[in-house]
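First up is the structure itself, then whatever we jot down about it.
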Amino acid sequence: MCLSIVGKEYGSKSGPFSITHMEYRQAKEKGIPILVFIKGKDDKDRDEPTRGWLSEIFADKFKYKRFGNILELQIEVRAALLKLLKDRFDLVPSAVEEKISEQNIEAVSPFESQAIKRLKWQNMDHALARRLAARAEQKEEKDLTGSEVLENIMVRGLAWFDPETNEYYGTAAGIVILGNDPSAVFPQCRFLADAYRAIVPDGDPMDQEDIRCPAPAAIERVIAFIDRNTRHPMRVVGLDRVRLDEYPPEALREALVNAVAHRNYEDAGRKIMVELFPDRIVISSPGLPPKPLTIQKLRSGKYKPCSRNPVLAQSLSYFHRIEERGSGFRRMHVQMIDHGLEAPVLSEETGYFQILFKGPGENTGRLRVSAANTKQSVPPSIEEKLNKRQKQIVEHVLKEGSVTSGWCRKRFKIAYNTAFIDLSNLVKLDIFEKVGEGRSTKYILKKGQK
């Protein structure tokens, strides 16, 4: 089967024809089924070789379908393939395969791949583009030429070249990441931040900001807004006075990155909202998680990564050191617990996906200094997974340097298997490492633990 997708540009030639045109001709000669999909409602803006190929397709009287964006193309290709499989081979997908296919198509947004002539390359944030390219290539910013930066940005789907105007433009994703004011093109690309005096919204916030700048910078602006509108108690640690944050900035940053990367951009009437109250922070992003993800799956932590806007997610990962493995909500959970607070609450409100961070209230004493400052051997997020015996075993190793299975059996009056399971789990959690074999086996703190 030959699948021919015809755009506006003919593509690189191999001899007198482009590679895709050659594949079309070879399939025609061999009698292989051909499916043709043509982008756009008409053909007036195509280059001359492409118009010639289309004339050949029309003369061959092959059935073809037109599409406007990647989502339409996915739907049309799937329908055509299903019909071909049914007509030629009497094959039909199972109910499970149908569901998976529909969910995969629905999960992908056509927004970020739009090639529009609204923002020229010379008017985009070149310093930000250079930083992204340098981090993506793991090079120093000064070692990249201007053409290398542009090439890297194009490869990552943030810019495109229009041969008609001989100009480079930002794609929709490029405008979000590198546009000085993305909301000038897409009004929905803004953060609305409000800080309230009471635990309910009112019409007179004590501080508010309408943030319109490139997404990486916008996220840091929101972090700064939260910083100036939350408390920062001081704590004495050793000989130092340490300034604490009311909320862990890493967890907030992770939530903001998720809001930008995974929001529904087709909803042009709503913005990302950040609301600060005396007892909580709420981050609201337009749109629910893309299928097959659900809020219940995200709450459980048992899910595979699924991105509505993968180009945006990848680009933001270079600025904010996030991963794309779908573990963001698990990290937020860990960061809040380690900070002495409750895990974030995920919910839905009138079409917004919300993340609620509960604060310490009046009890700021519950806030924890980071493990690095307190020389804490086991972070609270790991400690909560330990049973009472395991906690006492860790305390013993901190004092004595090591522990054996025999000590555990004698101290807790437990069977060999129980002691083995306790110690093995401490190894799996990267707290202990096993040293020696047989009767000389002992367990010590893993290297890197305090």
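The values are calculated or read from the model by the stated rules, or taken from the named source; none is laboratory data. Because the structure is a prediction, the values reported are computed rather than measured. Positions of Cβ are backbone-derived with ideal geometry, glycine not excepted, and every protein chain shown enters the neighbour counts.
Scanning the stretch 250-291 for residues being assigned to a loop (DSSP other than H, G, I, E, B) and closer than 24 Å to Ser315 by Cβ gives a total of 13. Taking the criterion of being of a type in the set (S, T, N, Q) and outside any helix (DSSP H, G or I), the residues of the stretch 147-187 that qualify are Thr165, Asn166, Thr171, Asn180. In the condition set (1) within 30 Å of Glu9 (Cβ to Cβ); (2) of a type in the set (A, V, I, L, M); (3) surrounded by 15 or more Cβ atoms within 10 Å (Cβ to Cβ), Ile226 is compliant with all but (1).
Can you tell me which residues in the stretch 335-368 are under 13 Å from Arg299 (Cα atoms) and either part of a loop (DSSP other than H, G, I, E, B) or not acidic (Asp, Glu) (or both)?
The initial filter retains those residues of the stretch 335-368 that are under 13 Å from Arg299 (Cα atoms), namely 343-348, 353-356.
Passing the criteria: Ala343, Pro344, Val345, Leu346, Ser347, Phe353, Gln354, Ile355, Leu356.
Can you name the residue in the stretch 260-272 that is of a type in the set (A, V, I, L, M, F, W, C) and in contact with a helix residue (DSSP H, G or I) (Cβ under 9 Å, 6 or more places away or on another chain) and, of all such residues, is surrounded by the most Cβ atoms within 10 Å (Cβ to Cβ)? So, considering only residues that are of a type in the set (A, V, I, L, M, F, W, C) and in contact with a helix residue (DSSP H, G or I) (Cβ under 9 Å, 6 or more places away or on another chain), the one surrounded by the most Cβ atoms within 10 Å (Cβ to Cβ) is Ala261. Looking at the structure I just gave you, is Arg270 farther than 22 Å from Glu349 by Cα, in the same structural domain as Val311 (by TED's automatic domain parsing), out of contact with any Lys or Arg (no Cβ under 8 Å at 6 or more places or on another chain) and basic (Lys, Arg)? Judged against the criteria, Arg270 is not a match.
Number of residues in the stretch 109-143 that are over 29 Å from Glu9 (Cα atoms) and surrounded by 16 or more Cβ atoms within 10 Å (Cβ to Cβ) equals 3.
Only residues that are touching a strand residue (DSSP E or B) at 6+ places or on another chain (Cβ under 8 Å) and modelled with pLDDT under 90 were counted in the stretch 356-393, giving 5.
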